[in-house]
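Working notes, structure below.
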Amino acid sequence: MGSAAELAAALLVMLGFPGLMLAALVPNVYAFAAAAAVTYLADHYLHRKGSYLINRLSKVRAGLSIRFLIRQLLLVLLLVRLAIPGSLLLYGAIACFISFYGLQAPHGALVTLIRNRRRMPVATRNVDLRSRIRIPDAPPRGLLHRSAEKMLHLDLFAVAGILVSAALGSSAVGFTGIGLTVGLGCLYVAVLVPYVRGRKIPPKADDVLAAVDDWLAAYRPETVLYFSGSKDSAYQVNMWLETMEQLHSRPLIILRERVILSSLAPTTVPVICVPGGVHLMNMDLSTVRVALYAANVGKNIHLLRVPTMKHVFIGHGDSDKLASVNPYSKVYDEVWTAGRAGRDRYAIADVGVRDEDIVEVGRPQLAPIRSRQDMPDGRVPTVLYAPTWEGWDGNPGNTSIVLAGENIVNKLVTADPPVRVLYKPHPFTGTVSAEAAAAHRRITALVEQAAAERAADPRFTADTAAEDGARAELARVEARLAELAGTGDDKGDEAEATRDGIVDLAEHAEIARLRAEWNDAYWRSFPAYEHRVITGAEPRLYDCFNVSDAMVSDISSVVSDFIASGKPYAVTDSAELGVEEFKRQNTAVRAAVILSNGAEELGGLLDAVRDPAADLLAEARAELKEYLLGPDVPPSIDRFDAAVADLALKAGARNLGQESRPAAASIDPAEAAELTNAVPGQRAASAGETDGVNAG
């Protein structure tokens, strides 16, 4: 239903129209004007908020155009009820609203045509298309953004003028308003016309695709990171961007959804977003030798069908969840895991992934995670509670937040000696389960209340001057980051972003430096003992790892990642399997403090945090770290890069062998060409072949 304010606005809209009808029947000009103002303002608020309720109104035949039309018809009724049916103002109002609605068709058609023509068949970042095709500037954002609402609101001049004339008994103001409404409507349509003709029209799809192929031929990509998913899954590809930037082979990122492109983090790697399967399969990727896949999704088939490159599943995390042993993974040439644990996981699951196809490459993303440091005397230890979300299947073992979350946080905020609590839930928390959403709200309230009580506790003192300085630095960094990022209004549309989306390397480096400065200032901007709820993208999870002395979490890749720090951690057995069975089923918890839903075992974790000598699991964690993530030497990025290079050689050898087969058989050249064409190449897919691939 949206927020309470949105619900109130929707109720005002729905109740305002009966009020308009009553005012028209009475008739009362002032009551009509008041009710009209309420409906206009409430409607505008809902649109400005992008409220879900707007969509619901359309579903019950109360869409935007209908609401404006009803208000105008009720205004005509008011004029009739005012006993001035012979007035020119009445006829003028009727003519105005008919002609105004006549303008809606060309306006809507032009807006749709402009948007469709400026939607590129392939959108890019860091790809130089400017020198290959001409992409004109986007129309001013004000012309297309919420265009239907803007056009319809031009009736305000006529409605206000007619009401003033009805109240004063003079037609002059009414006809002025009518003239403004019709005139501005015509002007709006006229301003749109140039953008559907001449040099303001973007190039045709074939020209764009040819320009992309021309760029590919010049760039000659060797390693592709391929990704498809929903907007909420963008983090799965973002986590690999820095790794792709560090490869020694020429990298390329291929996305399949525009919404992912808009959510992609800044990167120096060339990015191509190809929504159409046919366009992708006809794209010239003949120089690519290795394709990396971060998720198991149906659209992977559009690239998996290409035999000239080797295909690798790298995933987006390493945990004991079933997703880490998905049987789909056997379609790839290789599956890369962080350490020995991933290899063993597939062997135990017996889902068809062969041991010889598994390569241990570590987790390059974990490089920013710092190892355990000695705690200064007097500092309050920090414990991070980072539960995962509830999942799709309702399994109580998915998350601790419902059954154990409040118990965990209660024991942490009341611990003696005290600790600081950071609560960072999974971004999907509460999206499926109302029970999980309610538990999240209660935990948030609990942490915030404990923070307020601690702030009033004389035992805890803050360095106000230092915190004020950090907040000032934070504001400075945020202002500079906002300046570099620009506002949403300055980014143009998809075509313009494709044309101008070449990253400035100096600016990219500055942003990275500023983000590090932001993170440092953020943690200094409030007392080191203050409990805090952390949501959103910043600070990142790994930043929370680095300021924490221990963590409580659930079965997820978060646990495997935190193990890289070597710090103590606890995992909740929410499904109540029992300690031994829980450890047997979940490798990552073998060096953890296992918590029941009552969280009575938290004392063991806190003892390990306060006194390293009491940390009985330290040696087990070191062994488990190597088992899960591989050795520290050589660094993971070096092993990952070497794995890419090795697989590229295998792909090259395979392709060379395919090319030499006709010659070795000493067959006729025409027959050799026919045999070569029988092997599906990247450019060989016709529309009919595409249907066959999808059907298969």
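Each reported figure results from applying straightforward, stated rules to the coordinates on display, with no laboratory input. Since the structure is predicted, the reported quantities are computational estimates derived from the model, not experimental observations. Cβ placement follows ideal geometry from the backbone for every residue including glycine, while neighbour counts extend to all protein chains displayed.
Which ordering of ARG584, ARG256 is given by a fewest-first count of other beta-carbon atoms within 10 Å?
ARG584, ARG256
Treating only the Cβ atoms of Lys and Arg (+1) and Asp and Glu (-1) as charged, compute the dipole magnitude of region 55-117 about its Cα centre; round to the nearest 20 debye.
400 debye
Among ASN398, GLY298, ALA470, whose Cα lies farthest out toward the positive end of the dipole of the chain, if unit charges sit on the beta carbon of Lys, Arg (+1) and Asp, Glu (-1)?
GLY298
Across 5 Å bins from the origin, how do the percents of Cα pairs in region 192-305 run, short distances first?
Calculated P(r), rounded to whole percents: 2, 11, 21, 22, 19, 13, 6, 4, 2, 0.
List every residue whose amide H lies under 5 Å from the amide H of ALA123, counting only residues 5 or more places away in sequence or on a different chain, with H placed 1.01 Å from N in the peptide plane.
CYS273
When every alpha-carbon pair in region 353-462 is counted, what percent end up more than 20 Å apart? Don't jump to the answer; show the numbers that get you there.
Details: 3364 of 5995 pairs.
Value for region 353-462: 56 percent of Cα pairs lie more than 20 Å apart.
Along the charge dipole of the chain, which of SER324, ALA485, ALA528 sits closest to the positive end, that is, farthest toward it, with unit charges on the beta carbon of Lys, Arg, Asp and Glu (+1, +1, -1, -1)?
Result: ALA485.
Where the Cα atoms of region 257-398 are projected onto their three principal axes, how long is each span, largest first, in whole Å?
Each principal axis gives a Cα extent; for region 257-398 these are 64, 39, 32 Å.
Fewest first, what order do HIS279, HIS302, HIS44 take by the number of other Cβ atoms within 10 Å? The partial results should precede the final answer.
Details: HIS279 17, HIS302 24, HIS44 14.
Ascending Cβ contact count within 10 Å gives the list HIS44, HIS279, HIS302.
Using the crude model of +1 on Lys and Arg Cβ and -1 on Asp and Glu Cβ, and no other charge, please compute the dipole size for region 173-326 relative to its Cα centre, in debye to 20.
Here the size comes out at about 380 debye.
Please order THR414, THR39, THR399 by the number of other Cβ within 10 Å, starting at the fewest.
Arranged by neighbour count, lowest to highest, THR414, THR39, THR399 become THR414, THR39, THR399.
In 10 Å bins starting at zero, report the fraction of Cα pairs in the chain per bin as a rounded %.
3, 12, 18, 19, 18, 15, 10, 5, 1, 0, 0
Hey, what do the phi angles of region 65-75 turn into as Karplus ³J(HN,Hα) couplings, whole Hz, using 6.51/-1.76/1.60 and θ = phi - 60°, x for Gly and Pro?
4, 4, 5, 5, 5, 4, 4, 6, 5, 5, 5
What is the packing order of peptides 114-121, 476-483, 154-161, taking the mean over residues of other C-beta atoms within 10 Å and listing the highest first? Don't skip to the answer; put the middle values down first.
Details: 114-121: 17.6, 476-483: 13.6, 154-161: 22.0.
Listed from highest to lowest mean packing, they are 154-161, 114-121, 476-483.
Taking region 263-319 as the region of interest, what is the percent of Cα-Cα pairs per 10 angstrom bin, listed from the shortest bin to the one with the maximum distance?
Distribution as computed: 18, 52, 29, 2 percent.
Just need the relative contact order of the chain here, percent rounded to a whole number, with Cα pairs under 8 Å and 6+ apart.
14 percent
In whole Hz and in residue order, list the ³J(HN,Hα) couplings for region 586-602 that follow from phi through the Karplus curve 6.51 cos²θ - 1.76 cosθ + 1.60, θ = phi - 60°; x for Gly and Pro.
Taking θ as phi minus 60°, the curve returns 10, 4, 5, 9, 5, 10, 9, 7, 8, 9, 7, 5, x, 6, 5, 7, 4 Hz for region 586-602.
Looking at the chain, send over the antiparallel percent of its DSSP beta bridges, to the nearest 5.
Details: 3 of 40 bridges.
Percentage antiparallel, nearest 5: 10.
Got a sec to turn the phi values of region 159-167 into Karplus ³J(HN,Hα) couplings, 6.51 cos²θ - 1.76 cosθ + 1.60 with θ = phi - 60°, whole Hz, x for Gly and Pro?
Running phi through 6.51 cos²θ - 1.76 cosθ + 1.60 with θ = phi - 60° gives 4, 5, x, 5, 5, 5, 5, 5, 6 Hz.
Can you tell me the Rg and the Dmax, both Å, for the Cα atoms in region 150-206?
Every Cα atom of region 150-206 included, Rg and Dmax give 17.4, 62 Å.
What pairs from LYS231/LYS310; LYS310/LYS330; LYS424/LYS625; LYS567/LYS625; LYS299/LYS330 go past 19 Å between their alpha carbons?
In this structure, LYS231/LYS310; LYS424/LYS625 exceed 19 Å between Cα atoms.
Which far-off residues, 5 or more places away or on another chain, put their amide H under 5 Å from the one on GLU360, with H placed in the peptide plane?
Residues meeting the amide H criterion: THR337.
Would you pull out the residues with amide H under 5 Å of LEU595's amide H, same chain only if 5 or more places away, H placed 1.01 Å from N?
Here VAL571, THR572, ASP573 satisfy the definition.
In a shell of Cβ-Cβ distance under 15 Å around ALA438, excluding ALA438 itself, what net charge do Lys and Arg (+1) and Asp and Glu (-1) give?
-1
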